[in-house]
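Structure record follows, encoded as structure tokens.
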Amino acid sequence: MAEKEIIRAEIKQSAQCGLTAPSAGSHSVLQDRLSFSPLDSNDDRTVQPFPRSPKLKKKMASAGPPSQEQLGRRLEELQAERSRTEAHIQSLKKRRADLSRSTEVMKQQVRERFESMQSVLRQDEQAVLDSLELDLRQTRTRLDQVLKSWKEHQDQVSKNISGTQRALSESAQRGEEEEKGQQGGLSTKKPDASETEIRLNEERFEKLLKTLSSISKQLRAQLQRKALLIDSSTVMIDKKTCHSDITLTSNGQGMLFSGSASLAPEHPLQFDRVCCALGDSPLAAPKSYWEVDVRCSSAWAVGVAYACLERKGRDKGAKLGRNRNSWCLELHNGHLSAWHNDRHVACQGVGQTALQRVGVWVNQEKGRLVFYDADSMAVLQRFSAAVTPVFDRAHHQFTEPLYPAVRFLKPPEHQTWPNHVELCHLLNP
């Protein structure tokens, strides 16, 4: 009873000082008779430390001072701990130094690779310049020969002019006879048609520039693709999710539309009405990139989805891009579009040739998804955490693990059903 009265008195005193009543979790603290004081209080009372429990006091009192043997063992333990700590610190310092050395080695290897590429470019540049210089020398040689012929004709004309002037100074009659004689020995020289053909091979030069421009675009695309290949992931399809009309190759990367339903029993994860399939595992890395070969399919959808994507039925919840749980790039009736949350936008900047490979890059940490033309590295569609006229920002923040997803679509009647889609192996590009 005395302890309860003391507790009530302490609670009353704390309330008067501006503190709220303690919660039920503070009951054990109150039992230790703790004195509370507000932080901004000007009271000069000394705040008592937390008292030790009676059991601990009794144990410490009965234990007495530690013996020499106990102190010795404790000292040995502390010294051993200090040795282990020092060894670990040295190990961390060594790792830090090794990191710097390893980075320098990597930088040197990268410099050597780029120096090798630059050496090839310099050699090719010099070969092209030498070819242009050779063309220039050959053209100059031909032009010099024609120029020499015209200079000889010019000299002959000058001689005739001089002779004619001398004859005129002697006598008119004699000059006329000599002039006729001189004119009879000199014919008028006309430009040869072949002279107009003496010029640099401009057609060849224009072809060269076009070729270099094409190589430059391809090189730029490959360098951009190189950065994505660093994040390349091996993607395989989960057989348990495949629609019954889909036959999966042995390596788990090829999907063939068989047209005949499998006799195997239906799995709970299997798509039963939509001809679709998901990857066998979620994307584990913060950044992932993979490519899908779609050359042998005339109607398809490639993208990513949450595991909660519906598997049964034909409603929008089971179709890629028609719900909040999936994003996709889709080719249907010859039109390429990007879909999410049952909204779509036509992909701009698509080349005249049919799309061969689709590149998919995901940055899960920043909520970014980009579809590429894997040959030209042109961006087909970009999903990000920015507000766009079509897609809602909130659904671009990935809140669950993402799975690669592929779907076969029904083509127009005059086309054959698409038959094959392949997930590319990119570990050794």
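In region 311-347, the residue that is farthest from Ala277 (Cα to Cα) out of those that are part of a loop (DSSP other than H, G, I, E, B) and of a type in the set (Gly, Ala, Ser) is Gly334.
Yes/no matrix, rows are residues, columns are (1) at pLDDT 95 or above; (2) of a type outside the set (S, T, N, Q); (3) open to solvent by 50 Å² or more (accessible area, probe 1.4 Å); (4) out of contact with any strand residue (DSSP E or B) (no Cβ under 8 Å at 6 or more places or on another chain):
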position: Leu229; (1), (2), (3), (4): no, yes, no, no
position: Val235; (1), (2), (3), (4): no, yes, no, no
position: Ser250; (1), (2), (3), (4): no, no, yes, yes
position: Val274; (1), (2), (3), (4): no, yes, no, no
position: Ala285; (1), (2), (3), (4): no, yes, no, yes
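Each residue in region 278-310 was checked for being touching a Pro at 6+ places or on another chain (Cβ under 9 Å), part of a strand (DSSP E or B) and more than 18 Å from Val362 (Cβ to Cβ), and 1 pass. Taking first residues from region 158-169 that are assigned to a helix (DSSP H, G or I) and partners that are among the polar types (S, T, N, Q), the Cβ contacts under 6 Å between residues at least 6 apart in sequence or on separate chains come to Asn160/Gln182; Gly163/Gln182. Sub-6 Å Cβ pairs linking a first residue in region 365-377 that is in a loop (DSSP other than H, G, I, E, B) to a second residue that is surrounded by fewer than 17 Cβ atoms within 10 Å (Cβ to Cβ) and of a type in the set (Gly, Ala, Ser), at least 6 apart or interchain, are Gly367/Ala385, ordered by first then second residue. When Ala301, Ala227 are checked against the criterion of being without any contact (Cβ under 8 Å) to a residue 60 or more places away in the chain and closer than 22 Å to Leu355 by Cβ, a single residue qualifies: Ala227.
The values are calculated or read from the model by the stated rules, or taken from the named source; none is laboratory data. On a predicted model such as this, the values are computed, not experimentally measured, just so you know. Don't worry about glycine lacking a Cβ; one is built from the backbone with ideal geometry, like all the others, and counts go over all protein chains shown. In case anyone asks, the SASA skips ligands and DNA or RNA and just uses the protein heavy atoms, side chains included. Shrake-Rupley method; radii C 1.70, N 1.55, O 1.52, S 1.80 Å.
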